[in-house]
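See structure below.
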């Protein structure tokens, strides 16, 4: 058990509270914590508007050129290939773009690499196959910005490449027909945090606008309202890829959840069914813990094609079979991930003064190393790198980081040991050149982390929005908190701390006894309030009746058999006595 350092946000300044007297005090504190200080920012956040808060796709410098090339391919009947990725974002992006090109009358192909043997992004063998198959236009989704050599091979083979990506670009860019990435140097698009599917959506949005404006006579035109029906996939991908839910993403997910609740995609409905998610109440939590893990399980455990087909097929029997297959793969993924986590944890304990934690295993699945790295980093509050080995003997790893250490920049300084790598500030993936590179690579990374991070930066910090008395937690407060949805990266679910709670009873819950129900009072009075903690028995101190504790919690609604009650979900506990 690693004790976290609680960090309660400072109270909002009096002048800020005075400027917005009409907003509930707790909500105002939450807005301030999220950096929303101006009236326009607050209005956009609390009242997302599709017409004004979703940006014109032609603000991308290269969008006109990209649209012109796609229209040319559509009008001339050229063979088009959509090249995606094996995670939920890449699969959703491929499904969105392929179905949209079909709506314009094309019959595009699709290529999703196999994580185990091909790795992330374009690869040389795939490029040769694409040229040989006679394609004339490749559109990458959720990948491509780092594939300098592979893009060159395609262009030299007579295949134009439009890269749509959202990852950090390298110093040397691929010489594609054109590049669409909001993080490109000099890019004028005003929002940098779109998902891979969000980028595919912007391309389709531009195609729809161009077709409406230009009236291309040779093109089939998608039905009226087609654009907004794509937002279910945008919402799923944005949450699944942990993109920031502020700015344009917040608006896209806000409307995307509305579409998702009445989605026409049989596969998504089947997936909700196996995940026991009610379509009418689906939210970001249902995506993050229900839908996304099952879509990701395909690429982690086998091939992402099963997740892709689930999203595009229209036969009810087939999509039910695919949903059940993904559900079973996800169960196996959970079991293997936990086994790997325990093994990795054994390698990094005691963490001591190490600023970066490193674990590897010859039998560890490369598809799961990222999940394990994330859990190790979260538990210990410091960067974690976990490496596994493919069936072909390649060492493949993933890293997760913290503020103060850009892990992908660190990989760039270790490139002599790597055959390929990519990622962003907090997450990376890589393949080692050979087994002999493992030890010096680890030592170099550990040295970089030690030089970059202070002791404070590697403490396991738990951010807390505000301190509340339990008496302040009411249905009215919960209704106010709902104004801040959708929650996710950049807009986390609000966390509160209540202090000096007297434990009245402690009850293990669930078949394994890892969940916990606490009955508590505050200030020596009544009423008795129920707190529930899921899978927390091994993460908090042992408790008994009479203990005095401080508790960090989130506020939910629990509904069953027509009943409805406030649910205070335990995040962390510290004993006072």
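Coordinate-derived values only; no laboratory data. None of these values were measured; they are calculated from a predicted model. All Cβ positions, glycine included, derive from the backbone under ideal geometry; neighbour counts span all protein chains shown.
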Quiz item: In a Debye calculation with equal point scatterers on the alpha-carbon sites of the stretch 424-577 and no solvent, what is log10 I(q)/I(0) at q = 0.15 Å⁻¹?
Solution: -0.90
Quiz prompt | Per residue Cα convex hull volume in Å³ - calculated over the stretch 53-224 | solution = 108
Quiz item: Rule-of-thumb check for the stretch 158-224: C-alpha Rg over 2.2 N^0.38 Å?
Solution: 1.30
Practice problem: Pop a pseudo-label 7 angstrom from the Cα along the beta-carbon direction at both residue 280 and residue 315 and give the gap in nm to one decimal. | Solution: 3.2
Quiz item: What are the principal axis extents of the Cα atoms in the stretch 236-280, in Å, biggest first?
Solution: 31, 18, 15
Quiz item: Once the Cβ-Cβ distance between residue 526 and residue 14 is put in as r, and R0 is 35 Å, what FRET efficiency do you end up with, to the nearest 0.05?
Solution: 0.55
Quiz item: So what is the relative contact order for the stretch 349-458, in percent, with contacts set as C-alpha pairs under 8 Å and at least six apart?
Solution: 26
Quiz item: Which whole number in µm²/s is D for the stretch 183-318 by Stokes-Einstein, with the Kirkwood Rh taken over Cα pairs at 37 °C and 0.692 mPa s?
Solution: 204
Quiz item: What ratio of Cα Rg to 2.2 N^0.38 Å holds for the stretch 1-76?
Solution: 1.89
Practice problem: Starting from the Cα coordinates of the stretch 468-550, work out the convex hull volume and express it per residue in Å³. | Solution: 124
Quiz item: Give me the log10 of I(q) over I(0) for the stretch 269-361 at q = 0.13, 0.14, 0.21 Å⁻¹, as the Debye formula computes it from C-alpha points; what are the numbers?
Solution: -0.55, -0.61, -0.97
Quiz item: Which of 287, 540 comes first, and how do the rest follow, when ranked by fewest Cβ neighbours within 10 Å?
Solution: 540, 287
Practice problem: With a Förster radius of 45 Å, plug the Cβ-Cβ distance of residue 173 and residue 5 into 1/(1 + (r/R0)^6) and report the FRET value to the nearest 0.05. | Solution: 0.65
Exercise. Averaging sequence separations of C-alpha pairs under 8 Å and six or more residues apart, then dividing by the length of the stretch 168-316, give the relative contact order as a whole percent.
Key: 19
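Mind checking the full-extension length gain between residue 50 and residue 451? Use 0.36 nm per residue of separation minus the Cα-Cα distance, one decimal, nm. It would help to have the intermediate numbers written out before the result.
Numbers: separation 401, 0.36 × 401 = 144.36 nm, distance 4.50 nm.
Gain in length upon complete extension: 139.9 nm.
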Quiz item: What translational D, rounded to a whole number of µm²/s, comes out for the chain from Stokes-Einstein when the hydrodynamic radius is the Kirkwood one over Cα pairs, at 25 °C and 0.890 mPa s?
Solution: 97
Exercise. For an R0 of 41 angstrom, estimate the FRET efficiency from the Cβ-Cβ distance between residue 434 and residue 403 and round to the nearest 0.05.
Key: 0.80
Self-check item: Proxy reagent accessibility, fewest Cβ within 10 Å first, across 300, 136
Solution: 136, 300
Quiz prompt | Whole-number percent relative contact order across the chain, with pairs defined as alpha carbons under 8 Å at least 6 apart | solution = 12
Self-check item: D (Stokes-Einstein, µm²/s), Kirkwood Cα radius, the stretch 346-386, 0.890 mPa s at 25 °C
Solution: 236
Self-check item: Computed log₁₀ I(q)/I(0) - Debye formula, equal Cα scatterers, no solvent, the stretch 29-127, q 0.23 Å⁻¹
Solution: -1.19
Quiz prompt | Point-to-point label distance, residue 148-residue 64, nm (Cα→Cβ direction, 7 Å offset) | solution = 3.0
Exercise. Quick one: compute a quarter of the convex hull surface over the Cα atoms of the stretch 349-458 and quote it in nm².
Key: 6.1
Quiz prompt | Calculated [θ] (222 nm, deg cm²/dmol) that DSSP helices of n ≥ 4 give over the chain, each run adding -39,500 (n - 2.57) | solution = -11500 deg cm²/dmol
Quiz item: Label 7 Å along Cα→Cβ of residue 262; the stretch 204-228 residues with amide nitrogen under 17 Å?
Solution: 224-228
Self-check item: Rg/Rh for the stretch 310-394, where both radii come from Cα atoms and Rh is the Kirkwood radius
Solution: 1.14
